[in-house]
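The values are calculated or read from the model by the stated rules, or taken from the named source; none is laboratory data. All values reported here derive from a predicted model rather than from experimental measurement. Please note: Cβ atoms are built from the backbone with ideal geometry, for glycine as well, and neighbour counts cover all protein chains shown.
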Amino acid sequence: MPWREVTPVSERTEFIAFANQDELTMSALCRRFGVSRKTGYKWLRRARDAGLAGLADRPRRPLRSPLRTDRDVEAFICALRGEHPAWGGRKLHHLLRNDGFPSPPAPSTITGILRRNGLLTPERPPPRDWQRFEETSPNGLWQMDFKGPFATAEGRCHALTVLDDHSRFNLCLAACANQQGQTVRAQLTSVMQRYGLPDRMLMDNGSPWGSDAFHQHTWFTAWLIRLGVAVSHGRPYHPQTQGKEERFHRTLELEVLRSRCWQSLADVQCAFDAWRTVYNLLRPHESLAQATPASRYRPSPRPFPATLPPIEYAPGDEVRKVQQKGLIHFRGREILISRAFIGEPVGLRPVGDSIWDVYYCYQQIGQIDLTR
């Protein structure tokens, strides 16, 4: 299968980044990217001989320019700010340094240049009154949410985003026509086929991955659990639980969505694909000590399964099949579990006198107290 025609350079750049990590064999990496080993080795050779410029089908803007005077340096920095209008002095300094720019100005000097040229728009960060957390390794937790919707000439666009909590690596940035479960499942299947399975995913309580306070699971989250991905929901009305997703959406708004009026979903997706490469591979991230997300991310060693694994429970569990309306029959009672698991077996595990924990596969989804 050839490279996807939408963004071949992005595909090749990401392939090279993961190939240099030695986390996957060349055969496994080529399978995830849908290319032959011959093609994979070809782009490795071109990257080794000519760097990232060798991956492009057209000339790239040179990252090093023969600047001779301070005025030339200032003009170059202003032009670089024009390419990345939301980047400040620190990010531009690290970009210049990473690209081999000779003696790049200090971040404070670059900030002064931007201010003198009327290019600096200070933005006050939101107050923080919550405890920050970070997974200790890649794929320990993915955060997922929708951004938008926003208008295009052909209709509304919903931006589906998936972020690795440890590295801030963006795994999915998709322009979707709706927020339906089938749409999300198709996008996430493609993501997991490339990057493997995470240990856990964090989502809010909205559709399609949540419903209400009593039935937080949906058929979509049931599918994730069946894959072996634990599901967590943020506290209702507390978006800071998914703070990294919220911050990513702010960056997406500043650097992409505000830039122009959009004609179609394809128009948006083209811009998303180009910016995603910049965000993952080039843009210094302040929370990562100005490293790039790709430098801290590794694909998951857990591959996406060709078929769903069987559902098994412990010998002491009592198993019941969830009937219509999400009910089970247990000890002479009808007990509501969730419509998300209709037709599926759930396991009831005793934890005390007349108290049973309810499991679907390995994840606890509720508790039954027969004294109530």
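Taking the range 139-179 as the range and being outside any strand (DSSP E or B), of a type in the set (D, E, K, R) and either surrounded by fewer than 19 Cβ atoms within 10 Å (Cβ to Cβ) or not assigned by TED's automatic domain parsing to the domain that holds Pro284 (or both) as the test, only Glu154 passes.
Looking at (1) surrounded by fewer than 19 Cβ atoms within 10 Å (Cβ to Cβ); (2) at pLDDT below 80, which is the one condition that is false for Phe101? Condition (1) is where Phe101 drops out. Scanning the range 192-205 for residues that are outside any loop (DSSP other than H, G, I, E, B) and of a type outside the set (A, V, I, L, M, F, W, C) turns up Gln193, Arg194, Tyr195, Arg200. Against the condition in the same structural domain as Tyr279 (by TED's automatic domain parsing), assigned to a helix (DSSP H, G or I), polar (S, T, N, Q) and at pLDDT 95 or above, how does Thr189 come out, does it pass? Yes. Which residue is nearest to the chain's Cα centre (by Cα), if the candidates are limited to the range 272-301 and must be surrounded by fewer than 16 Cβ atoms within 10 Å (Cβ to Cβ) and part of a loop (DSSP other than H, G, I, E, B)? That would be Pro301.
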